[in-house]
Amino acid sequence: MRIRRGFLGWGVFLILVGAIPLLVRSGYLDADQVDRLWTLWPLILVGIGVGLILRHSRFDFVGGLIVAATVGLMVGGLLSAGFGQISNGVCGSQTGSAAFPARDGTFAGPGSVELQLDCGQLTVGVASGTGWHVAGSDDDGNGPAIDSTDTSLTVRSRSGNGAPFFGFGARDSWQVTVPDASRLDVDLEVNAGGATVDLGGASLGTLDLRQNAGSATVDLGTVTVIDGLDARLNAGSLGVTLPNVSLTGTIVANAGSVRLCAPPGAGLKLQTGEDIVGSYDYHGHGLVKDGSTWTTPGFDTAAVKIELQTSANAGSFTLDPEDGCD
């Protein structure tokens, strides 16, 4: 029998992704052991290094196997323990208790909001008027770095403030309020943490979201307008309540699970990716499949049209799950 090296890594990856949940359900692995699988990530660097050293030898495949096995163990652990718990494995589990000074400001017209949080919990809401507000707590009370003008707001985790990304310690907690009277482009990035984003009533240009190692929920159900959505999930979970206005966008899930909740009566056109380890639960909602596209009958005449490119790489998409998207 001849083994094709090109598929060897995929085989090892898929075997471990399936084996870890089976071992957990059979009682051979407990929750603590599964949680520690995420800490194996440095082996990915080791595998890359081994591959470089052996690249001109007949053992050049060994580095790739180390990487495939490590990623397989990590993804299998995620499937077993729940994507929403991953941030506790790479970031501290305790929230900082020192409140930092609140900051306020206003927008003079259309503007942009950029939020980047490393290790912690982000809550975003909307208030009437043109004003914004940032409050919260962290380990030392210094707060995030905030820059603002009358057309922009930028809030970022401070470098070296003790935020323990890929470590242990206190997590930051931010509460950010943006105005409904100003049309805003919003850019959110959360690394090793969680986000609860409710933009109901807001007027949005583009919404860009990057959630890395953690969980997020985004409620767009009552936004007044939105030009586009671009969301990328890496190792975690994401719930999106879609708006009752027409929308085009892209959502990518890499080793993560995405839940989509659509407004009643909206026309949907959901394009899927072709990754062999991606899954899409779009059946049972009246959508018709044509190739890699799922479409609501009568889409062309629908008052609200939502077109999304959905791509799952070792991940999954579910439309209108029973437990909602919160």
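The values are calculated or read from the model by the stated rules, or taken from the named source; none is laboratory data. These numbers come from a predicted model, not from an experiment. Quick reminder, even Gly has a Cβ in these numbers, built from the backbone with ideal geometry, and neighbours come from all protein chains shown. All accessible areas refer to the heavy atoms of the entire protein, side chains included, with ligands and DNA or RNA removed. Shrake-Rupley method; radii C 1.70, N 1.55, O 1.52, S 1.80 Å.
Below, the figures for the structure above:
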item	result
Lone qualifier among Val245, Val225, Val218 - being open to solvent by 40 Å² or more (accessible area, probe 1.4 Å), at pLDDT 95 or above and either under 20 Å from Asp326 (Cα atoms) or among the aliphatic types (A, V, I, L, M) (or both)	Val225
So Leu238, is it open to solvent by less than 30 Å² (accessible area, probe 1.4 Å), under 30 Å from Trp10 (Cβ atoms), of a type outside the set (Gly, Ala, Ser) and not in a loop (DSSP other than H, G, I, E, B)	yes
Residues of segment 118-136 classified as part of a strand (DSSP E or B) and either at pLDDT below 95 or β-branched (Val, Ile, Thr) (or both), total	8
Only listed residue being β-branched (Val, Ile, Thr), open to solvent by 30 Å² or more (accessible area, probe 1.4 Å), within 25 Å of Ser257 (Cα to Cα) and modelled with pLDDT of 75 or more, chosen from Val50, Val71	Val71
Neighbours by Cβ (under 7 Å, 6+ apart or cross-chain): first from segment 42-53, in contact (Cβ under 8 Å) with a residue 24 or more places away in the chain and closer than 16 Å to Gly9 by Cα; second assigned to a helix (DSSP H, G or I) and among the hydroxyl-bearing types (Ser, Thr, Tyr)	Leu43/Thr70; Ile44/Thr70
Among residues of segment 281-293, those that are open to solvent by 30 Å² or more (accessible area, probe 1.4 Å), in contact (Cβ under 8 Å) with a residue 12 or more places away in the chain and closer than 22 Å to Asn313 by Cα, counted	2
Enumeration of residues in segment 282-302 that are in contact with a Phe, Trp or Tyr (Cβ under 7 Å, 6 or more places away or on another chain) and either under 25 Å from Leu209 (Cα atoms) or at pLDDT below 90 (or both)	Tyr282, Trp294
Residue count for segment 294-317, restricted to those that are open to solvent by less than 40 Å² (accessible area, probe 1.4 Å), more than 18 Å from Ser246 (Cα to Cα) and outside any loop (DSSP other than H, G, I, E, B)	4
Hits in segment 262-278 (condition: of a type outside the set (Gly, Ala, Ser) and either in contact with an Asp or Glu (Cβ under 6 Å, 6 or more places away or on another chain) or over 24 Å from Leu204 (Cβ atoms) (or both))	Lys269, Thr272, Glu274, Asp275, Ile276, Val277
Total residues in segment 255-280, condition in contact (Cβ under 8 Å) with a residue 60 or more places away in the chain and open to solvent by less than 40 Å² (accessible area, probe 1.4 Å)	7
Complete set of residues in segment 194-215 that are under 23 Å from Glu322 (Cα atoms), open to solvent by less than 10 Å² (accessible area, probe 1.4 Å) and either outside any strand (DSSP E or B) or free of Cβ contacts under 8 Å to residues at least 24 places away in the same chain (or both)	Leu199
Val190 crowded, with 19+ Cβ neighbours inside 10 Å, at pLDDT 95 or above and of a type in the set (A, V, I, L, M, F, W, C)	no
Close pairs from segment 305-326: first over 18 Å from His285 (Cβ atoms) and in contact (Cβ under 8 Å) with a residue 12 or more places away in the chain, partner charged (D, E, K, R) and open to solvent by 30 Å² or more (accessible area, probe 1.4 Å), Cβ under 7 Å, at least 6 apart	Asn313/Asp275
